[in-house]
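Peer 1: Let me begin by handing over the structure; questions about it come next.
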Ligand SMILES: Nc1nc2c(c(=O)[nH]1)N[C@H]1C(S)=C(S)[C@@H](COP(=O)(O)OP(=O)(O)OC[C@H]3O[C@@H](n4cnc5c(=O)[nH]c(N)nc54)[C@H](O)[C@@H]3O)O[C@H]1N2
Ligand SMILES: Nc1nc2c(c(=O)[nH]1)N[C@H]1C(S)=C(S)[C@@H](COP(=O)(O)OP(=O)(O)OC[C@H]3O[C@@H](n4cnc5c(=O)[nH]c(N)nc54)[C@H](O)[C@@H]3O)O[C@H]1N2
Ligand SMILES: [Mo]
């Protein structure tokens, strides 16, 4: 049989799949990609894996007992019943109708956070939101797991537009190479993280671009607990912090600037408010409430907190003041308790250096966190599937999912508001995996026991699908026609279908169209179009938008025939907030003062203990799992675990793929620790260890590695949650069974999953088998080969 190659796009990059007889048998990079991501090697096994959802399925207990709370949701021994499409659609439409009629549309939670697949049209969340809007709306979610604290904080500090630019229009690595002399990155610059960009990048440019910047003379400093968080060829110097102590380091750098007369007072006076309050605080003249007295935030003080020698901090501050310096705060730092503080302190440091708004200088948050950050100019727009309007005005900050399901009607703080949780009866998820992404998964299981019905659309039998009552099989991106591009990408690429749908999986668009039909609103959802017609229309609308700006691209057929086109009209800023710097009166920031708020009256007026009016060091540890002064807990859980992004895959996606599996140790997630800690814990390289945290425990495979400093272990996210063992919460190594379900602060309520205290111990006896790479009970292991009529 001869193989053919088909272009595709994933969030981990664009590449080609090799197809033989309707099966994906291999992958190869695009020829022009000089630094392709190895993550693509996961795709062939995942595409045809036995955990693909082949047919609609209903949890037997729900089928027998009907809708209602059920604490057994997620039970690994639960049985599913495969049903015909028409049965599944009838049941689901009737249930949606029941819930919206009896409880109102607000009772449907359709936030459905998650990354799904690349593709502008078949984007799972957009499709679901469009459908739910067409049937009267839903309770939505706000902000992200990626940078939830940043998204709430920065509009207050630099205005909404400034915050948007910070996240989406950062200057490129090329500009950094031209202008920056010193780049200090808190949270490293992990090359593996830059493989990811929403929509996928046509070529991976971050690695080569960072290298070119280093060759052009940029000096890199990585502040991180891990020594291998920056590519070796950057020859970067490494400042080892204790996790969760960066705010202390940043305040001490500010202290040196004020103390030694290096702070740019002219800049602070002209462009910021609150510098005097901040100065009084770091010099120990005022406490965090502005009352007289306090602790001097000196390098010596910071050394006692962070472990970084005071002399090193002094010399770094002086070097920063002498050169064109860019302060980058990676997103990981704000995925922790008080996650707002290192961001705010980082911005304040850049202001004290007087470099905000200068090319190559100032503040950034995201270099090394994602490939589009610094990856090039931003398009003026991309083709999109319209979602319609949501008539329901109900939302939660995204990481409040368990709190919401467990506490309908309870109140909580968020960004200056006192809000109440809605009473959710039906949870509808498509394109996300909360049992990958949320903290304290045992609690999330209890939360998922509360609604009356849980619906999940999935390509695979993930842990979230195994918590659903109704599971709808979705096609993968390889099984449908679509197009892709990422922010900062140079091309828009066609993604023609490469293989037939697995089993009886269908495009979600068709599923929603049939559900809408049963609910009497087919026309509202489809507007009379097929998904192929939407693809064409979205492209043509984009083409018209470009034409109005005198930018020209071929028509849809021309684009499809070529396979990819260059995206015209991209914009790139030389510097972040450069226009504000050039003309602070004429182009003020949309903040109450019109300037950068180093002290925010608004935030101060909220009265939050955990996020006062300017950046502060808060006494409670940023690492969850123990509280200030709780020595017993600290002793019980002596190590800090870093739950960062997996380099071998993208989140939980394609965990059964070859590249991901090759990184498992004894069939479990790899747990990295230094030789001293391994010895202390009584475990060796290759062992199965038990990791215990404040919320639960998991097994993991030990990797002894001296890239870590003592006291710190690393277990990346994304190994599929396996609750089937009897003496551990997860037999496979998902760190989110260990993490604590707590928001960053009353302000941002962001995810705090990055850091948690743990203990590592040997696992005695035969470890439980990992069961997640088999479908649940009742589901045939062999995929159903035959196709049936759409409603047959
Ligand atoms: N402890 C800890 N936890 C974290 C983090 C951390 O740093 N530490 N990081 C957090 C961050 S930044 C993020 S963004 C989240 C990520 O969390 P998620 O985005 O929820 O994780 P994914 O595994 O990408 O989930 C996407 C799901 O969509 C499915 N899918 C793919 N294509 C389709 C499709 O076309 N249709 C449908 N219906 N489904 C599809 C995939 O099979 C997969 O299960 O995790 C967060 N969790
Ligand atoms: N390969 C791959 N890449 C990914 C993803 C993936 O799943 N796989 N997910 C993508 C997504 S959705 C997102 S949002 C981004 C997230 O991007 P980030 O949040 O930047 O990524 P992480 O890998 O979670 O963390 C980066 C590093 O920060 C360091 N760090 C952790 N805690 C601290 C601390 O307290 N202080 C300091 N100084 N450093 C600390 C750790 O050493 C860690 O390796 O990654 C994206 N990139
Ligand atoms: Mo993310």
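Residues are listed down the side, and each one gets a yes or a no for (1) part of a loop (DSSP other than H, G, I, E, B); (2) in contact with a helix residue (DSSP H, G or I) (Cβ under 7 Å, 6 or more places away or on another chain); (3) in contact (Cβ under 8 Å) with a residue 12 or more places away in the chain:
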position: 690; (1), (2), (3): no, no, yes
position: 695; (1), (2), (3): yes, yes, yes
position: 699; (1), (2), (3): no, no, yes
position: 717; (1), (2), (3): yes, yes, yes
position: 720; (1), (2), (3): yes, no, yes
position: 725; (1), (2), (3): yes, no, yes
position: 728; (1), (2), (3): yes, no, yes
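Let's see how each residue does on (1) within 13 Å of ligand 2 (Cβ to nearest atom); (2) assigned to a helix (DSSP H, G or I):
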site	(1), (2)
122	no, no
149	yes, yes
152	no, yes
167	yes, yes
174	no, yes
207	yes, yes
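Peer 1: Among the residues of the range 69-91, is any surrounded by 15 or more Cβ atoms within 10 Å (Cβ to Cβ) and within 16 Å of ligand 2 (Cβ to nearest atom)?
Peer 2: Within the range 69-91 (the criterion being surrounded by 15 or more Cβ atoms within 10 Å (Cβ to Cβ) and within 16 Å of ligand 2 (Cβ to nearest atom)), the answer is no, since none of the residues qualifies.
Peer 1: Another question, then. Return the residues of the range 225-242 that are in a helix (DSSP H, G or I) and touching a strand residue (DSSP E or B) at 6+ places or on another chain (Cβ under 7 Å); say none if nothing qualifies.
Peer 2: Initially, the range 225-242 is screened for residues in a helix (DSSP H, G or I), giving 232-234.
The answer is 234, and nothing else.
Peer 1: Here's another thing I want to ask about it. Going through 579, 573 one at a time, which residue ends up being at pLDDT 95 or above and either over 28 Å from the mean Cα position of the chain (by Cα) or surrounded by fewer than 19 Cβ atoms within 10 Å (Cβ to Cβ) (or both)? It would help to see each step written out before you state the result.
Peer 2: Working: 573 fails: at pLDDT 95 or above.
The conditions single out 579.
Peer 1: Is it the case, given these coordinates, that residue 424 is within 15 Å of ligand 1 (Cβ to nearest atom) and either surrounded by fewer than 20 Cβ atoms within 10 Å (Cβ to Cβ) or in contact (Cβ under 8 Å) with a residue 24 or more places away in the chain (or both)?
Peer 2: It is false that residue 424 is within 15 Å of ligand 1 (Cβ to nearest atom) and either surrounded by fewer than 20 Cβ atoms within 10 Å (Cβ to Cβ) or in contact (Cβ under 8 Å) with a residue 24 or more places away in the chain (or both).
Peer 1: Against the condition closer than 29 Å to residue 750 by Cα, within 15 Å of ligand 2 (Cβ to nearest atom) and surrounded by 23 or more Cβ atoms within 10 Å (Cβ to Cβ), how does residue 329 come out, does it pass? Before the answer, list the steps.
Peer 2: Numbers: closer than 29 Å to residue 750 by Cα: yes; within 15 Å of ligand 2 (Cβ to nearest atom): yes; surrounded by 23 or more Cβ atoms within 10 Å (Cβ to Cβ): yes.
Yes.
Peer 1: While we're on this one: Between 300, 296, which is modelled with pLDDT of 95 or more, outside the structural domain of residue 640 (by TED's automatic domain parsing) and part of a loop (DSSP other than H, G, I, E, B)? It would help to see each step written out before you state the result.
Peer 2: Values: 300 fails: part of a loop (DSSP other than H, G, I, E, B).
That would be 296, the only listed residue that is modelled with pLDDT of 95 or more, outside the structural domain of residue 640 (by TED's automatic domain parsing) and part of a loop (DSSP other than H, G, I, E, B).
Peer 1: Related question: Collect the residues in the range 458-478 that are more than 22 Å from the chain's Cα centre (by Cα), within 9 Å of ligand 1 (Cβ to nearest atom) and not in a strand (DSSP E or B), keeping them in residue-number order.
Peer 2: 475
Peer 1: Which of (1) at pLDDT 95 or above; (2) within 27 Å of residue 339 (Cα to Cα); (3) within 16 Å of ligand 2 (Cβ to nearest atom) does residue 622 not meet, given it meets every other one?
Peer 2: Condition not satisfied by residue 622: (1).
Peer 1: Does the range 336-359 hold any residues that are in contact with a strand residue (DSSP E or B) (Cβ under 8 Å, 6 or more places away or on another chain) and within 16 Å of ligand 1 (Cβ to nearest atom), and which are they? Steps first, answer last, please.
Peer 2: As a first pass, look at the range 336-359 and keep what is in contact with a strand residue (DSSP E or B) (Cβ under 8 Å, 6 or more places away or on another chain): 336-337, 342-343, 346-347, 349-351, 353, 355-356.
Passing the criteria: 336, 337, 342, 343.
Peer 1: Could you tell me which residue of the range 176-198 is nearest to ligand 3 (Cβ to nearest atom), considering only residues that are touching a helix residue (DSSP H, G or I) at 6+ places or on another chain (Cβ under 7 Å) and in a helix (DSSP H, G or I)?
Peer 2: 194
Peer 1: Hey, another quick one. Does residue 366 meet the test of being farther than 30 Å from residue 132 by Cα and surrounded by fewer than 24 Cβ atoms within 10 Å (Cβ to Cβ)?
Peer 2: Details: farther than 30 Å from residue 132 by Cα: yes; surrounded by fewer than 24 Cβ atoms within 10 Å (Cβ to Cβ): yes.
The answer is yes for residue 366.
Peer 1: When you check residue 378 against the structure, is it touching a strand residue (DSSP E or B) at 6+ places or on another chain (Cβ under 8 Å) and modelled with pLDDT under 95, yes or no? Even if it seems obvious, please write down each step before you answer.
Peer 2: Numbers: touching a strand residue (DSSP E or B) at 6+ places or on another chain (Cβ under 8 Å): yes; modelled with pLDDT under 95: yes.
Considered against the rule, which asks whether it is touching a strand residue (DSSP E or B) at 6+ places or on another chain (Cβ under 8 Å) and modelled with pLDDT under 95, residue 378 comes out as yes.
Peer 1: Which of the residues that make up the range 642-677 are within 16 Å of ligand 3 (Cβ to nearest atom), touching a strand residue (DSSP E or B) at 6+ places or on another chain (Cβ under 8 Å) and in a strand (DSSP E or B)? Step through it out loud before you land on a result.
Peer 2: From the range 642-677, those within 16 Å of ligand 3 (Cβ to nearest atom) are 642-647, 649-653; that's our starting set.
Checking which are touching a strand residue (DSSP E or B) at 6+ places or on another chain (Cβ under 8 Å) leaves us with 642-644, 650.
Hits for the range 642-677 are 642, 650.
Peer 1: Those residues that are outside any strand (DSSP E or B) and buried (at least 24 other Cβ atoms within 10 Å of the Cβ), I need them from the range 730-742; list them, please. Walk me through it before giving the result.
Peer 2: Here is the first cut: in the range 730-742, the residues outside any strand (DSSP E or B) are 731-742.
Within the range 730-742, 731, 732, 733, 734, 735, 736, 737, 738, 739, 741 qualify.
Peer 1: Moving on to the next point. What's the number of the condition residue 711 fails, among (1) modelled with pLDDT of 95 or more; (2) more than 18 Å from the chain's Cα centre (by Cα); (3) surrounded by 18 or more Cβ atoms within 10 Å (Cβ to Cβ); (4) under 30 Å from residue 340 (Cβ atoms)?
Peer 2: (3)
Peer 1: Here is a follow-up. Got at least one residue in the range 132-143 being within 15 Å of ligand 1 (Cβ to nearest atom), crowded, with 21+ Cβ neighbours inside 10 Å and assigned to a loop (DSSP other than H, G, I, E, B)?
Peer 2: Yes; the residues of the range 132-143 include at least one that is within 15 Å of ligand 1 (Cβ to nearest atom), crowded, with 21+ Cβ neighbours inside 10 Å and assigned to a loop (DSSP other than H, G, I, E, B).
Peer 1: Right, next: For a quick check of your reading of the model, give me the residue pairs whose first member lies in the range 436-459 and is within 16 Å of ligand 3 (Cβ to nearest atom), whose second is part of a strand (DSSP E or B), with beta-carbon atoms closer than 9 Å and at least 6 apart or on different chains.
Peer 2: What qualifies is 436/653; 439/624; 439/756.
Peer 1: Further question on the same structure: How about the range 490-519: which of its residues are within 18 Å of residue 83 (Cα to Cα) and either within 29 Å of the chain's Cα centre (by Cα) or in a loop (DSSP other than H, G, I, E, B) (or both)? Reasoning before the result, please.
Peer 2: Pass one, the range 490-519, residues within 18 Å of residue 83 (Cα to Cα): 501-508, 510-512, 514-515, 518.
Residues satisfying the conditions are 501, 502, 503, 504, 505, 506, 507, 508, 510, 511, 512.
Peer 1: Next question. Looking at (1) surrounded by 15 or more Cβ atoms within 10 Å (Cβ to Cβ); (2) not in a strand (DSSP E or B), which is the only condition residue 34 fails?
Peer 2: (1)
Peer 1: So, one more: When residues of the range 1-31 are filtered for being in a strand (DSSP E or B) and more than 19 Å from residue 486 (Cα to Cα), how many remain?
Peer 2: Taking the range 1-31 as the starting set, the residues that turn out to be in a strand (DSSP E or B) are 4-10, 13-20, 23-29.
Okay, now just the ones that are also more than 19 Å from residue 486 (Cα to Cα), so 4-6, 17-20, 23-28.
Looking only at that region, the number is 13.
Peer 1: Kindly provide the set of residues from the range 243-271 that are outside any helix (DSSP H, G or I) and more than 22 Å from residue 647 (Cα to Cα), ordered by number.
Peer 2: In the first step, residues of the range 243-271 are kept if they are outside any helix (DSSP H, G or I); the result is 243-245, 260-264.
Correct list: 245, 260, 261, 262, 263, 264.
Peer 1: Need the failing condition index for residue 122 against (1) out of contact with any helix residue (DSSP H, G or I) (no Cβ under 7 Å at 6 or more places or on another chain); (2) within 12 Å of ligand 1 (Cβ to nearest atom); (3) farther than 30 Å from residue 230 by Cα, just the number.
Peer 2: (1)
Peer 1: Scan the range 95-109 and tell me whether some residue there is under 28 Å from residue 650 (Cβ atoms), outside any helix (DSSP H, G or I), modelled with pLDDT of 95 or more and within 16 Å of ligand 1 (Cβ to nearest atom).
Peer 2: The answer is yes, given that some residue of the range 95-109 is under 28 Å from residue 650 (Cβ atoms), outside any helix (DSSP H, G or I), modelled with pLDDT of 95 or more and within 16 Å of ligand 1 (Cβ to nearest atom).
Peer 1: Here are the criteria: (1) farther than 18 Å from residue 366 by Cα; (2) surrounded by 20 or more Cβ atoms within 10 Å (Cβ to Cβ); (3) within 16 Å of ligand 2 (Cβ to nearest atom). Tell me which single one residue 156 does not satisfy.
Peer 2: Residue 156 satisfies all of (1) farther than 18 Å from residue 366 by Cα; (2) surrounded by 20 or more Cβ atoms within 10 Å (Cβ to Cβ); (3) within 16 Å of ligand 2 (Cβ to nearest atom) except (3).
Peer 1: Just to check your reading of the model, which residue among 511, 530 is modelled with pLDDT of 95 or more, assigned by TED's automatic domain parsing to the domain that holds residue 94 and either touching a strand residue (DSSP E or B) at 6+ places or on another chain (Cβ under 8 Å) or at positive phi (or both)?
Peer 2: Working: 530 fails: either touching a strand residue (DSSP E or B) at 6+ places or on another chain (Cβ under 8 Å) or at positive phi (or both).
Criteria check complete, one pass: 511.
Peer 1: May I ask you to verify whether residue 364 is more than 16 Å from ligand 1 (Cβ to nearest atom), in contact with a strand residue (DSSP E or B) (Cβ under 9 Å, 6 or more places away or on another chain) and under 22 Å from residue 156 (Cβ atoms)? Give the derivation first.
Peer 2: On the way: more than 16 Å from ligand 1 (Cβ to nearest atom): yes; in contact with a strand residue (DSSP E or B) (Cβ under 9 Å, 6 or more places away or on another chain): yes; under 22 Å from residue 156 (Cβ atoms): yes.
So residue 364 passes the test.
The values are calculated or read from the model by the stated rules, or taken from the named source; none is laboratory data. Not measured: the values here are computed from a predicted model. Neighbour counts run over all protein chains shown; Cβ positions are idealised from the backbone, glycine included.
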